[in-house]
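The values are calculated or read from the model by the stated rules, or taken from the named source; none is laboratory data. As the structure is a computational prediction, the values presented were derived from the model and not from experiment. Note that each Cβ is placed from the backbone with ideal geometry, even for glycine, and that neighbours are counted across all protein chains shown. Keep in mind that these areas ignore ligands, DNA and RNA; they rest on the heavy atoms of the full protein, side chains included. Shrake-Rupley method; radii C 1.70, N 1.55, O 1.52, S 1.80 Å.
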Amino acid sequence: MTDPRTRKPVLEVEGLQTVFHDLEGAWPAINALDLTIYEGEVLGLVGESGSGKSVAGFSILGLIDTPGEITAGRVLFQGKDLREMDEESLRKLRGADLSMIFQDPLTTLNPVLTIGEQMGEAITEHGQADAEALRRRCIDTLTKVGITSPEERLSQYPHELSGGMRQRVVIAIALLNSPKVIIADEPTTALDVTIQSQIIAEMQRLQHDSGAALIWISHDLGVVAELADRIAVMYAGDIVEIGTTDEVLDRPRHPYTRGLLDSVPGDVPPGEPLRQIEGSAPPLNARPFGCPFHPRCAQATDLCRSSDPAPQGDGAGRIWRCHHPITAQEAA
Ligand SMILES: Nc1ncnc2c1ncn2[C@@H]1O[C@H](COP(=O)(O)OP(=O)(O)O)[C@@H](O)[C@H]1O
Ligand code: SF4
Ligand SMILES: [Mg+2]
């Protein structure tokens, strides 16, 4: 596998911040997020529930509503800042060059329209096509995502399909307009394990064939490890570690990443209990002072309790955010 960082960047996120407002104030859910996505790569974005992964995905596409607000940063796609675009141009870009697949297919699918109608809409909104060409393209795309009897599916409604089929339809819609970047937010989490691995294998093939860059969001490091060229680990709204999949899995530098790795079932000898990281990600309005991970970190020192570590890097795209990073010897 070539290092994706040798390719051209397709999306550059710089200093993106999103807050949620409540009666007490404005609480950042993502904090100065910096992330570069390269052409054709799969970037896995991992972290426990509540770490800010979905907010990151929505914020990149400008899909944040009240009580949320994007308060800082830039999202450059083909040199243009999405945050400076008017809503109409942004809407055109979404569903065409940039598309998102959500965890729950029912948030994307309209219950009162047939699959064919919804797919047709997704195409015509982003360009004209005659009826027969449209139908062909829908059938081809449904076939690509592993849907049997695609002609019949076109006249069915979402509720007539199984959960796995619905999610495949959502993936098909996301692929219809040959996007350059796909953000997939835990698209298989709600499905049973067999269907989950089928869909992951299909996504891998589709992504490879289409050359789209894919941001795969998951709380499951095991799933991401199978798919991704690079992994970004999120905690409390920050990316705390990023590197190629091999770098992050074999030589983690952040204690949180180490903790996630220790809780992946396959990595523990049979019979030994999984070591879960004790505690959970902090709520937005109770972000610990200093390093936000310090209450859960065995390596925490006074420095960690008083100062939030700045990102450090090796100059080649490997980044970590910790006062006492794990050394190569310790990681081995
Ligand atoms: N609409 C919302 N209003 C208030 N807080 C929210 C909202 N959406 C998300 N959050 C908060 O932002 C944080 C990050 O959430 P999210 O991105 O959904 O986490 P993840 O996807 O990693 O599980 C969480 O603390 C969550 O409670
Ligand atoms: S900065 Fe300190 S508390 Fe935070 S992860 Fe590193 S060692 Fe642990
Ligand atoms: Mg989420």
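Count of region 121-136 residues, restricted to those that are within 18 Å of Leu175 (Cβ to Cβ), outside any loop (DSSP other than H, G, I, E, B) and modelled with pLDDT under 90, is 6.
Across region 179-206, the qualifying residues are those that are assigned to a loop (DSSP other than H, G, I, E, B) and without any contact (Cβ under 8 Å) to a residue 60 or more places away in the chain, and the one among them that is most open to solvent (accessible area, probe 1.4 Å) is Asp192. Hey, any hits in region 295-316 for a residue that's more than 11 Å from ligand 2 (Cβ to nearest atom), in a loop (DSSP other than H, G, I, E, B) and without any contact (Cβ under 8 Å) to a residue 60 or more places away in the chain? Scanning region 295-316, I find at least one residue that is more than 11 Å from ligand 2 (Cβ to nearest atom), in a loop (DSSP other than H, G, I, E, B) and without any contact (Cβ under 8 Å) to a residue 60 or more places away in the chain, so the answer is yes. Across region 5-13, a minimum of one residue is classified as touching a residue at least 60 places away in the same chain (Cβ under 8 Å), touching a Leu at 6+ places or on another chain (Cβ under 7 Å), open to solvent by 10 Å² or more (accessible area, probe 1.4 Å) and over 27 Å from Ile199 (Cβ atoms). When Leu61, Leu16, Leu45 are checked against the criterion of being farther than 21 Å from Asp308 by Cβ and not aromatic (Phe, Trp, Tyr), a single residue qualifies: Leu61.
I need the full set of residues from region 145-157 which are closer than 20 Å to Thr124 by Cα, touching a residue at least 24 places away in the same chain (Cβ under 8 Å) and surrounded by 18 or more Cβ atoms within 10 Å (Cβ to Cβ), in order please.
Residues of region 145-157 closer than 20 Å to Thr124 by Cα: 150-151, 153-157.
Pick out the ones that are also touching a residue at least 24 places away in the same chain (Cβ under 8 Å) and you get 153-157.
Arg153, Leu154 - these are the residues of region 145-157 that are closer than 20 Å to Thr124 by Cα, touching a residue at least 24 places away in the same chain (Cβ under 8 Å) and surrounded by 18 or more Cβ atoms within 10 Å (Cβ to Cβ).
How about region 211-270: which helices (runs of 4 or more DSSP H) wholly inside it have at least 2 residues that are farther than 30 Å from Asn177 by Cα and touching an Asp or Glu at 6+ places or on another chain (Cβ under 8 Å)? It would help to see each step written out before you state the result.
Numbers: elements: 221-227, 245-250, 255-262.
Correct list: 255-262.
Could you check, for region 48-63, whether at least one of its residues is open to solvent by less than 40 Å² (accessible area, probe 1.4 Å), touching a helix residue (DSSP H, G or I) at 6+ places or on another chain (Cβ under 7 Å) and closer than 30 Å to Val248 by Cβ? Within region 48-63, one or more residues are open to solvent by less than 40 Å² (accessible area, probe 1.4 Å), touching a helix residue (DSSP H, G or I) at 6+ places or on another chain (Cβ under 7 Å) and closer than 30 Å to Val248 by Cβ.
Being surrounded by fewer than 24 Cβ atoms within 10 Å (Cβ to Cβ) and away from ligand 1 (no atom under 16 Å from the Cβ) is the filter here; which residues of region 222-253 pass it? Outline the logic, then answer.
Here is the first cut: in region 222-253, the residues surrounded by fewer than 24 Cβ atoms within 10 Å (Cβ to Cβ) are 222-223, 225-227, 229, 244-247, 249-251.
The answer is Gly222, Ala225, Glu226, Leu227, Asp229, Thr244, Thr245, Asp246, Glu247, Leu249, Asp250, Arg251.
Starting from residues that are at pLDDT 95 or above and out of contact with any His (no Cβ under 7 Å at 6 or more places or on another chain), keep the ones in region 69-79 and report whichever is farthest from Gly25 (Cα to Cα). Don't jump to the end; show me each part of the working.
First pass over region 69-79, keeping only residues at pLDDT 95 or above: 69-77.
Subset that is out of contact with any His (no Cβ under 7 Å at 6 or more places or on another chain): 70-77.
On the way: Ile70: 15, Thr71: 14, Ala72: 17, Gly73: 20, Arg74: 23, Val75: 25, Leu76: 29, Phe77: 32 Å.
Restricting to residues being at pLDDT 95 or above and out of contact with any His (no Cβ under 7 Å at 6 or more places or on another chain), the top hit is Phe77.
Return a yes/no flag: does region 91-107 have any residue that is open to solvent by 60 Å² or more (accessible area, probe 1.4 Å), modelled with pLDDT under 95 and either more than 20 Å from the chain's Cα centre (by Cα) or of a type in the set (Gly, Ala, Ser) (or both). Yes, because at least one residue in region 91-107 is open to solvent by 60 Å² or more (accessible area, probe 1.4 Å), modelled with pLDDT under 95 and either more than 20 Å from the chain's Cα centre (by Cα) or of a type in the set (Gly, Ala, Ser) (or both). For region 257-280, does any single residue satisfy the condition of being away from ligand 1 (no atom under 16 Å from the Cβ), within 30 Å of Ala26 (Cβ to Cβ), surrounded by fewer than 19 Cβ atoms within 10 Å (Cβ to Cβ) and at pLDDT below 95? Yes; the residues of region 257-280 include at least one that is away from ligand 1 (no atom under 16 Å from the Cβ), within 30 Å of Ala26 (Cβ to Cβ), surrounded by fewer than 19 Cβ atoms within 10 Å (Cβ to Cβ) and at pLDDT below 95. Checked against the criterion of being among the aliphatic types (A, V, I, L, M) and within 16 Å of ligand 3 (Cβ to nearest atom), the candidates Ala228, Ala174, Ala232, Ala213 yield just one match: Ala232.
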